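Just so you know, all these numbers are worked out from the coordinates, no wet-lab data involved. This one's a predicted model, so the numbers in the text were calculated from it and none came from an experiment. All Cβ positions, glycine included, derive from the backbone under ideal geometry; neighbour counts span all protein chains shown.
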Amino acid sequence: MNVKAMGDILYLDSGTMTPVLKKLESKRFITRRRSTADERNLVVTITEAGELLKEKAVAVPAEIAKCSNLEPEEAAMLYRILYKMLEKRTRNEKNAPVTFSQVRLCIFSCLLPEKNRIWTALLP
């Protein structure tokens, strides 16, 4: 998958993606290479080590959900609302969140209220 397509899926720009991808590459979870069809495109491929990490990462949402005070219906509603916020941001609608980080902070504030101070300190 190329970096632009990945950024579109994750609601992140290339400036945000690049340091993350470099770190993943340095840990040998992915490889990055220029497309042979179009050298402007950077293609990212997951490695065997990355596949193993992906298997572990599947459990993360369930672990976060265990920490929340939300009922399943409330969590589903929150999910829909937050993705609506991201979609509005993508379309540059008026009153949309200024950055993805703000939406991410909103997610963690809602799911983990007792840890707000930690997340606020960690997230830009």
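Ranked highest first by average number of other Cβ atoms within 10 Å, how do 56-63, 67-74 line up? Write down the numbers at each step before the final one.
Values: 56-63: 8.9, 67-74: 11.2.
Taking the mean over residues of other Cβ atoms within 10 Å, the ranking is 67-74, 56-63.
Taking a 19 Å limit on the Cα-Cα distance, which of the listed pairs K22/K84; K22/K54; K54/K84 fall beyond it? Walk me through the intermediate numbers first.
Details: K22/K84 30 Å; K22/K54 17 Å; K54/K84 26 Å.
In this structure, K22/K84; K54/K84 exceed 19 Å between Cα atoms.
At 10 °C and a viscosity of 1.306 mPa s, what translational diffusion coefficient does Stokes-Einstein give for region 3-57, taking Rh as the Kirkwood radius over Cα pairs? Give it in µm²/s as a whole number. If you can, show how the numbers build up before the last one.
Values: Rh = 11.8 Å.
Translational D for this selection: 135 µm²/s.
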